[in-house]
1. Output the residues belonging to the range 106-158 that are acidic (Asp, Glu), touching a strand residue (DSSP E or B) at 6+ places or on another chain (Cβ under 8 Å) and either closer than 22 Å to Leu227 by Cα or surrounded by fewer than 22 Cβ atoms within 10 Å (Cβ to Cβ) (or both).
2. Would you mind stating whether Ala279 is assigned by TED's automatic domain parsing to the domain that holds Lys205, outside any helix (DSSP H, G or I) and farther than 18 Å from Asp371 by Cα?
3. Please determine, by comparing only the residues of the range 345-379 that are closer than 19 Å to Lys122 by Cα and without any contact (Cβ under 8 Å) to a residue 12 or more places away in the chain, which one is surrounded by the most Cβ atoms within 10 Å (Cβ to Cβ).
4. If the requirement is being in contact with a Ser or Thr (Cβ under 7 Å, 6 or more places away or on another chain), touching a residue at least 12 places away in the same chain (Cβ under 8 Å) and assigned by TED's automatic domain parsing to the domain that holds Met397, which of these qualifies: Thr168, Thr180?
5. With Gly90, Gly135, Gly129 as the choices, which residue is outside any helix (DSSP H, G or I), in the same structural domain as Arg337 (by TED's automatic domain parsing), of a type in the set (Gly, Ala, Ser) and out of contact with any Leu (no Cβ under 9 Å at 6 or more places or on another chain)?
6. Could you list all residues from the range 282-311 that are under 22 Å from the mean Cα position of the chain (by Cα) and in a loop (DSSP other than H, G, I, E, B)?
7. For residues that are modelled with pLDDT of 95 or more and part of a loop (DSSP other than H, G, I, E, B), scanning just the range 312-323, find the one that is nearest to the chain's Cα centre (by Cα).
8. State all residues of the range 162-201 that are surrounded by 21 or more Cβ atoms within 10 Å (Cβ to Cβ), over 26 Å from the mean Cα position of the chain (by Cα) and of a type in the set (Ser, Thr, Tyr); if no residue qualifies, say none.
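The values are calculated or read from the model by the stated rules, or taken from the named source; none is laboratory data. Quantities reported herein were computed from a predicted structural model and do not represent experimental measurements. When we count neighbours, we look across all protein chains shown, and the Cβ atoms used for this are built from the backbone with ideal geometry, even at glycine.
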Amino acid sequence: MKNLSIFQIIFLCIFVLFVLAGLLIVAIYDRQGSSRNVPEAIVWGSLTEKQFRAVVGTLSDDQTFRVAYVEKRAESFDSELTEALASGKGPDIVLLPQDSILRQSDRIFLIPFETIPERTFKDTFIEEGEMYLTGDGILAIPFSVDPMVMYWNRDIFSTAGIAKPPATWEELVSISPQLTAKDSNRNIVRSAVSLGEFSNISNAKSIISSLFFQLDVPIVERVSDRLSASLFQSENFAVGRGQSALSFYTQFADPLSRVYSWNRSLPLSRNAFLGGNVAIYFGFASEVYDLRAKNPNLNYDVALFPQLQDAKKKVVFGKMNALSVLKTSRDIANSIRIIQLLAGIEALRELSKVTGLPPARRDLLSERPNDSYQAIFYTGALQSHAWLDPDRVSTDMIFRDMVESVVSGKESLGESISRAEADLKALLQ
């Protein structure tokens, strides 16, 4: 440096600064350029951001796309989506429960079978997912499933001298009188099972749906690519299968029945189970750890939802979340590719891990878990079915009126079922 003049030193410093500035500009340009070239999809859903981030983390090696997730409350999802689409700021992809798909169906892009063949869809996802298949394409890709299960109080069963929970409805009817306790005035002080009513039974619509499914009553079915209500299911003027399901359900609220174990004066069934006053509670797989948190001292276990004796096919209602691409997506082809990746093996394996729910893919369900709860949930997932609910609030009212009109004696079974079917048809139209 001693041999360099002051001018040369200054010139050298300026040259180095220019080189560094050039490198910085190139780096910024590359980063901005790559950001522009990588398509981004905005996803809305009610899954927690932490859980969704864990799923997207399994796809981090794929640098050809980006996903921005916005967590929304289920209660305000529809209204917020309407407002966002009206202002041109809506998402590309929505994660929806099965009872919201119909309300949004006009906004959903049908994935053509040329993109995802129907055979591939059926081989990949559980049977419940087939409710998203139409004659023209696919409404949604299954993402998660939450099957109904049976929670049972081990202490109440042991006290009654009953070794195991019922696997069939016939067994439940047989042991119900032993599990129910009444005082001298025939007031129920301990219930065998919370069935029969609607307003104070958690998951009542889902339980009734399970009974309908087990008797091959579809509730809502697709006929010539149109949806129609189907509750009555009467053949040759005999008692309809829907009537049989409703009769079985409501008998538990009939004081003259030998299985009488529930009435409208009792507390909400979930709270009664947590308080140790109900032997059997029908809830969803997702409730298992919350029940434990609410009452750590409750001695309960989980079993499969009861089925009909000698049933050729075992069925239970399961809540499902699925991914749909909106017609307003900024890049429909990219959005379809992203939901396929999000419903891939590694992504759904991680989703199952962070949510505790069974996966909706057949290949993952073949990997039987060691956890005793998960083993039940996996089987329940394979048995899960659901129906496309046009409006959860309105159908809650339809099911409630159907049950309460029979329990109160206001209508016969046939009258109640027929009215409910007519109301559901009107809602679908």
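1. Residues of the range 106-158 that are acidic (Asp, Glu), as a first pass: 106, 114, 118, 123, 127-128, 130, 136, 146, 155.
The next check asks that each one be touching a strand residue (DSSP E or B) at 6+ places or on another chain (Cβ under 8 Å); those that pass are 118, 127-128, 146.
Passing the criteria: Glu118, Glu127, Glu128.
2. Values: assigned by TED's automatic domain parsing to the domain that holds Lys205: yes; outside any helix (DSSP H, G or I): yes; farther than 18 Å from Asp371 by Cα: yes.
Against the criterion (assigned by TED's automatic domain parsing to the domain that holds Lys205, outside any helix (DSSP H, G or I) and farther than 18 Å from Asp371 by Cα), Ala279 qualifies.
3. If we take residues in the range 345-379 being closer than 19 Å to Lys122 by Cα and without any contact (Cβ under 8 Å) to a residue 12 or more places away in the chain, then Glu367 is surrounded by the most Cβ atoms within 10 Å (Cβ to Cβ).
4. Working: Thr168 fails: in contact with a Ser or Thr (Cβ under 7 Å, 6 or more places away or on another chain).
The unique qualifying residue is Thr180.
5. Being outside any helix (DSSP H, G or I), in the same structural domain as Arg337 (by TED's automatic domain parsing), of a type in the set (Gly, Ala, Ser) and out of contact with any Leu (no Cβ under 9 Å at 6 or more places or on another chain) holds for just one of Gly90, Gly135, Gly129, which is Gly135.
6. Passing the criteria: Phe305, Pro306.
7. Filtering first and then ranking leaves Val315.
8. Those that are surrounded by 21 or more Cβ atoms within 10 Å (Cβ to Cβ), over 26 Å from the mean Cα position of the chain (by Cα) and of a type in the set (Ser, Thr, Tyr): Ser176, Thr180, Ser191.
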